[in-house]
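To keep things clear, I will list the structure first and then write my remarks on it.
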Number of protein chains: 2
Amino acid sequence: MTRHELIEQIRKKKSFLCIGLDTDLKKIPAHFLSSDDPLFEFNKAVIDATADYCVAYKPNIAFYECLGPKGWESLKKTVEYIPRDIFTIADAKRGDIGNTSTYYAKTFFETYAFDAVTVAPYMGHDSVVPFLEFEGKWAIMLALTSNPGAMDFQMQRLPDGDEHKFMCERIVSTSLKWKGAERLMFVVGATRGEDIERVRKIAKDHFLLVPGIGAQGGSLEEVCRYGMNADCGLLVNVSRDIIYPEPGPDFGQAVREKAVAYQRQMAAELKKTGIL
Amino acid sequence: MTRHELIEQIRKKKSFLCIGLDTDLKKIPAHFLSSDDPLFEFNKAVIDATADYCVAYKPNIAFYECLGPKGWESLKKTVEYIPRDIFTIADAKRGDIGNTSTYYAKTFFETYAFDAVTVAPYMGHDSVVPFLEFEGKWAIMLALTSNPGAMDFQMQRLPDGDEHKFMCERIVSTSLKWKGAERLMFVVGATRGEDIERVRKIAKDHFLLVPGIGAQGGSLEEVCRYGMNADCGLLVNVSRDIIYPEPGPDFGQAVREKAVAYQRQMAAELKKTGIL
């Protein structure tokens with residue numbers, strides 16, 4: 001999917017909502033468990049209920065991988081079921097030396113036909129650049145995540161006199177010089193507005209994938225204040241708060257209501273900044 | 001596998017060779033391609049030829065993953081075929097927030113029954129500690145890799161006055177304070193002896209997994225000089241140079257000869273340092 005197509009979709013749906021398909025057999029409603037493929041049937045119900053209100057789906061690969069080959073079948077069926085005009089992200093956080101990264105890229109871009117895959121930066125340019133060589137595909141690199149461990153290394157101070165203060169800033173700014181950098185997006189957690197501002201100042205035009213809204217406590221209003229650019233430039237991910245609503249008689253309806261509530265807040269933010 | 005069992009195996013076989021099963025359909029001899037499961041048949045031939053001379057096998061997960069669910073079937077058959085007394089490493093470089101890392105750990109330790117998995121450190125303690133909660137299992141964390149991109153962030157200078165000079169040293173030393181740190185090993189590339197010394201000075205007792213010998217040009221003698229400790233403390237990985245020998249009439253024999261040559265050098269190193 002091109003940048004233009006993604007932006008068009010955001011304008012059309014008045015939404016920059018990404019729904020995380022962290023589909024956990026221990027958490028999905030019991031009636032899905034009797035089907036032959038509970039993961040896929042659950043995802044199908046979520047997609048049917050929410051496709052009009054979100055612009056991206058993000059399966060968390062760990063939840064599929066842990067079920068063995070059958071989990072990957074469920075993943076494949078899920079990606080194929082997602083309407084073509086919706087952006088698809090494999091949340092896989094892959095990264096290895098050149099030739100191996102090319103195989104990981106082929107896995108998610110060709111074998112499973114995702115639009116994007118999340119990647120880890122630690123091994124440097126030759127572990128990420130192979131993901132940037134696919135036309136119309138995207139690598140979403142970890143910059144500053146929303147978990148407590150983000151403080152360990154991502155927020156490592158750099159030497160005085162460096163143009164940047166923290167490791168995560170160095171990583172974003174270095175990556176912008178790599179071949180294919182126009183196909184990069186960045187993961188930035190929503191838990192602190194200043195973190196989003198930190199990355200946005202360096203990567204002015206790039207899209208940011210922002211987890212941490214909802215169950216993790218981040219504020220949408222703050223994310224928009226610090227992260228939105230003239231093209232929106234944000235994909236805000238919500239997983240648990242949408243896909244695991246309070247148990248009730250109509251699962252699809254409950255999920256839809258959650259997604260609609262987020263979409264309305266997002267429409268208001270897009271209007272506030274003059275994008276709509 | 002326990003540390004004691006691993007060390008016993010090293011003494012018995014006079015070897016600390018790990019063979020990388022980077023099984024690439026584009027590189028394996030043509031006669032394997034006609035079988036129903038070329039990846040497994042190739043791996044089986046390599047294992048049959050080398051099990052007496054190595055102490056570990058390390059499938060590179062990208063090569064299996066890119067083939068879809070079928071690739072994971074080949075992986076499962078491979079792990080089950082490896083003799084129980086040989087250490088098995090899933091080279092997967094995973095890492096995500098807590099709950100997700102637990103699923104990745106379960107994938108490799110339970111669904112596929114590996115002894116160890118390689119993990120990426122960038123997301124910090126709560127992305128790695130979930131891998132350290134499994135009795136008799138190991139997380140092998142990236143410290144200083146052998147690719148050119150290792151210079152980008154792993155060798156980032158820390159502020160003056162810090163007890164460490166480089167990012168990779170901070171990562172190793174911080175990780176040694178985590179709960180379950182006795183189940184950590186570290187990946188250190190073989191291309192520069194000083195890199196191995198750098199990590200060894202901080203992690204004195206831990207095993208190091210060292211890629212970069214053979215096709216990538218590292219020297220075994222140098223690796224041993226800087227990295228060996230009283231329990232050996234090294235697993236030296238060779239992939240391409242063993243599993244892709246010059247084409248010839250007897251694939252198994254050619255692979256075995258390569259493995260034997262490495263094993264002999266390793267036996268000599270173990271004798272030199274008084275371990276044998």
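The values are calculated or read from the model by the stated rules, or taken from the named source; none is laboratory data. Values in this document were obtained by computation on a predicted structure and should not be read as measured data. All Cβ positions, even for glycine, are placed from backbone atoms using ideal geometry, and neighbour counts span all protein chains on display.
For region A:135-149, what are the residues that are touching a residue at least 60 places away in the same chain (Cβ under 8 Å), more than 8 Å from chain B (Cβ to nearest Cβ) and in a loop (DSSP other than H, G, I, E, B)? Hit for region A:135-149 is A:GLY136, nothing else. The single condition from (1) over 18 Å from A:LYS177 (Cβ atoms); (2) touching a residue at least 12 places away in the same chain (Cβ under 8 Å); (3) of a type outside the set (Gly, Ala, Ser) that A:PHE131 fails is (1). Looking only at region A:25-46, residues that are surrounded by 20 or more Cβ atoms within 10 Å (Cβ to Cβ) and farther than 10 Å from A:SER74 by Cβ come to 2 in all.
Residue-level check: of (1) under 30 Å from A:ASN147 (Cβ atoms); (2) touching a helix residue (DSSP H, G or I) at 6+ places or on another chain (Cβ under 9 Å); (3) within 14 Å of chain A (Cβ to nearest Cβ); (4) crowded, with 21+ Cβ neighbours inside 10 Å, B:THR78 misses just (1). Filtering region B:150-185 down to residues that are over 21 Å from the mean Cα position of the chain (by Cα) and of a type in the set (Asp, Glu), which residue is farthest from the other protein chains (Cβ to nearest Cβ)? Among them, the one singled out is B:GLU163. Scanning region B:256-276 for residues that are surrounded by fewer than 22 Cβ atoms within 10 Å (Cβ to Cβ) and among the hydrophobic types (A, V, I, L, M, F, W, C) gives B:VAL260, B:ALA261, B:ALA267, B:ALA268, B:LEU270, B:ILE275, B:LEU276.
Could you please let me know if B:VAL188 is closer than 24 Å to A:ARG94 by Cα, more than 10 Å from chain A (Cβ to nearest Cβ), modelled with pLDDT of 95 or more and under 19 Å from the mean Cα position of the chain (by Cα)? Yes: the conditions hold for B:VAL188. Scanning region A:197-238 for residues that are buried (at least 20 other Cβ atoms within 10 Å of the Cβ), small (Gly, Ala, Ser) and modelled with pLDDT of 95 or more yields A:ALA203, A:GLY227, A:GLY233.
Being within 8 Å of chain A (Cβ to nearest Cβ), free of Cβ contacts under 8 Å to residues at least 24 places away in the same chain and over 16 Å from A:ARG94 (Cβ atoms) is true for just one of B:GLY98, B:GLY124. Which residue is that? From the options B:GLY98, B:GLY124, the qualifying one is B:GLY124. Counting the residues of region B:140-188 that are over 15 Å from A:ASP152 (Cβ atoms) and touching a Phe, Trp or Tyr at 6+ places or on another chain (Cβ under 6 Å) gives 3.
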